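For reference, the structure discussed in these notes is given below.
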Amino acid sequence: MSFRLWKGRNKMRICIIAEGCYPYVVGGVSEWIHSLICSCPEQEFIIQTIVADRSLRGKYAYELPENVREVHELYLNDSDWSKRRSRKRAKMNREEHQALVSLMFGEQVKWEALFDYFQKKSISLNDILMGEDFMHAVTEYYQLRYNQTVFVDFLWMMRSIYLPLFVALKTELPKADIYHCTCTGYAGVLGSMAKYLYGGRLLISEHGVYTREREEELIKAKWVQGIYKNIWIEQFGKMSTLAYGRADMVTSLYEHARELQTELGCPAGKTRIISNGIRVEKFQDIPGRTEEDEGRINIGAVLRVTPIKDIMTLIQAFGFAREKNPALKLWIMGSWEEEEEYAKDCFELVHIMGISDVEFTGRVDVTEYYGRMDMTILTSISEGQPLTILESFAAHRPVIATDVGNCRGLILGENDDYGAAGIVTRIMHVEEIAGAMLKLSGDEKLRLQMGENGYRRVTSGYQFVHMQEAYQKVYNELGEEAE
């Protein structure tokens with residue numbers, strides 16, 4: 001059934017399912033969502049957000065567009081879960097118990113039975129996680145796979161792993177014509193469940209490949225050790241398999257990401273590449289250098305001050321580069337409130353190294369700064385197709401970036417012969433990053449040529465209108481199928 005017909009509407013009703021980003025956090029994916037909604041004023045949007053806890057409730061970093069009709073918030077680490085108990089514990093039937101076991105083992109997971117159980121039965125999360133059915137399923141899984149560990153520890157870890165998933169499965173979802181998830185993961189689970197419950201079409205747009213990103217994070221994480229890393233990684237894999245299987249279309253930003261999606265089980269026929277795009281005209285006639293900039297070489301880093309952006313390596317590399325070229329100045333332009341402890345460590349590192357020319361601006365209008373920069377830099381350990389690189393190109397500025405996501409393709413080119421628009425370095429390689437800063441800072445002619453190469457690249461293949469037309473076409477295709 002089409003909900004447009006059911007509701008007597010002329011507009012499509014599109015539910016954006018966003019995990020850990022819009023509208024609370026400013027950044028690449030959030031900016032992409034906001035721009036996409038604004039570019040489709042003829043459609044109605046609902047936002048289903050997924051965040052860690054209630055501390056972010058209603059704290060929006062964006063003014064919501066007029067065509068956003070509703071916002072629904074889901075808190076994965078809801079501290080109130082253990083207090084909500086039903087008067088009578090609902091014991092699982094045989095089919096439901098088998099579905100729970102299949103979920104743990106990850107073999108032909110019976111998602112429909114799980115959707116029905118969590119959505120249609122009056123049960124509390126306390127009843128589930130502290131009940132006999134969960135205990136029996138964990139025991140079976142433990143005995144066959146992990147009986148060399150302490151069972152009590154294993155049981156509590158399994159509760160912590162399944163709590164956020166069960167919270168997601170219990171949430172009440174809005175009805176829509178199209179469910180547009182910004183990743184697989186918990187967003188993909190919600191989109192898959194909504195499609196099962198209400199019909200409509202499921203679209204997944206990955207800016208990075210969610211499963212690989214979570215795997216990288218877990219391998220480096222200190223809060224989880226040993227076999228539990230593997231169980232967490234497997235859990236994210238199960239959710240991605242569900243989302244890829246139920247999706248009607250899966251988009252990625254570039255070819256290698258599409259290849260990774262298919263390697264992880266997404267049917268190739270569902271995949272489509274839609275690159276990011278920016279409004280290049282926004283970066284024309286921007287303010288240029290000021291008196292303050294005379295005699296300086298400005299390096300701009302447009303990013304959130306978070307561990308994934310690896311600001312520590314950036315600061316160290318800049319410190320070493322500045323020892324050889326005192327004219328260098330580093331501008332770190334982005335909010336630091338998201339990870340305040342990490343931000344404090346970054347401030348402290350600047351102090352310890354005794355670097356005087358590092359400026360943390362906080363969140364700013366970057367169009368007021370790009371014109372003052374001689375180059376920009378991105379030292380992330382994980383990226384998709386960074387908008388900041390495209391913005392730098394639009395401002396005729398070369399970019400230094402680590403070899404993650406599509407950074408290499410953007411800087412060196414994939415389908416054009418414009419030439420290099422910057423320098424690609426290895427991740428967390430302080431010496432190499434410092435060397436790139438020194439190379440560009442010492443060669444104005446090279447900077448100007450690379451900036452021009454980047455400008456030609458962004459204008460030819462990464463204009464916002466291209467992305468806008470592509471998604472409008474996708475929405476129309478999926479909307480017609482839903483009728």
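The values are calculated or read from the model by the stated rules, or taken from the named source; none is laboratory data. Every value quoted in this text rests on a predicted model; they were computed, and no experiment measured them. Here the Cβ positions follow ideal geometry from the backbone for every residue, glycine too, while neighbour counts run over all protein chains shown. Note: accessible area is taken over every heavy atom of the protein model, side chains too, but ligands, DNA and RNA are not part of it. Shrake-Rupley method; radii C 1.70, N 1.55, O 1.52, S 1.80 Å.
Evaluated at q = 0.10, 0.22 Å⁻¹, a Debye calculation over the C-alpha positions of region 348-483 (equal weights, vacuum) places log10 I(q)/I(0) at -0.40, -1.41. Note: relative contact order over region 246-290, using C-alpha pairs below 8 Å and six or more positions apart, is 42 percent.
Using only Cα atoms, locate the centre of region 323-359 and the centre of region 217-271, then give the distance between them in Å, rounded to an integer. Using only Cα atoms to place each centre, the spacing works out to 34 Å. Of the GluC sites (Glu not before Pro) found in region 262-323, the ones in coil according to DSSP and having at most 11 other Cβ atoms within 10 Å of their Cβ are GLU294.
Helix 464-482 and the longest principal axis of the Cα set of the chain meet at an angle near 20°.
Looking at region 374-483, the trypsin sites (Lys or Arg not before Pro) that sit in a DSSP loop and have at most 14 other Cβ atoms within 10 Å of their own Cβ are ARG426.
Surface composition of region 356-483: carbon and sulfur atoms hold 43% of the protein heavy-atom accessible area at a 1.4 Å probe. Estimated at 0.36 nm per residue, the fully extended path between LYS344 and GLU431 surpasses their Cα-Cα distance by 28.9 nm.
When peptides 268-275, 26-33, 52-59 are ranked by their average number of other Cβ atoms within 10 Å per residue, the highest-first order is 26-33, 268-275, 52-59. A simple rule links phi to the HN-Hα coupling: the Karplus curve 6.51 cos²θ - 1.76 cosθ + 1.60 with θ = phi - 60°, which for region 188-203 gives x, 5, 4, x, 5, 5, 5, 4, 5, 6, 10, x, x, 10, 10, 10 Hz, with x for Gly and Pro. The calculated FRET efficiency for GLU63 paired with GLU359, based on their beta-carbon distance and R0 = 30 Å, is about 0.65. Relative to the longest principal axis of the Cα atoms of the chain, the long axis of helix 151-170 makes an angle of roughly 80 degrees.
Residues in region 324-483 average 43 Å² of solvent-accessible surface per residue, probe 1.4 Å, ligands and nucleic acids excluded.
Residue ranges 119-129, 221-231 sort as 119-129, 221-231 when ordered by packing (mean number of other C-beta atoms within 10 Å per residue, highest first). Using a probe radius of 1.4 angstrom, the carbon and sulfur fraction of the accessible surface of region 91-171 is 50%. Sparsely packed loop sites in region 102-164 (the GluC sites (Glu not before Pro) outside DSSP H, G, I, E and B with at most 10 other Cβ atoms within 10 Å) comprise GLU107. Take the Cα radius of gyration of region 150-203 and divide it by 2.2 N^0.38 Å, N being the number of residues; the result is 1.42. Pairwise Cα distances in region 186-332 exceed 21 Å in 64 percent of cases. Per-residue Karplus couplings for region 225-241, computed as 6.51 cos²θ - 1.76 cosθ + 1.60 with θ equal to phi - 60°, are listed in order as 10, x, 5, 5, 4, 5, 5, 4, 4, 4, 4, 5, x, 4, 5, 5, 4 Hz, Gly and Pro entered as x.
The angle between the Cα long axis of helix 311-324 and the main principal axis of the chain comes to about 10°, on a 0 to 90 degree scale. For region 12-18, the Karplus equation 6.51 cos²θ - 1.76 cosθ + 1.60, evaluated at θ = phi - 60°, returns couplings of 6, 10, 10, 9, 7, 9, 10 Hz by residue, with Gly and Pro reported as x. Annotation: region 122-188 has a Kirkwood hydrodynamic radius of 14.0 angstrom, from the mean reciprocal C-alpha pair distance.
In this structure, GLU481 and MET312 have a Cβ-Cβ separation that, at R0 = 51 Å, corresponds to a calculated FRET efficiency of about 0.60.
When the alpha carbon gyration tensor of region 303-347 is reduced to an equivalent ellipsoid, its three semi-axes come out at 22, 10, 8 angstrom, largest first. What percentage of all Cα-Cα pairs in region 11-72 are separated by more than 16 Å? The share of Cα pairs beyond 16 Å in region 11-72 comes to 38 percent.
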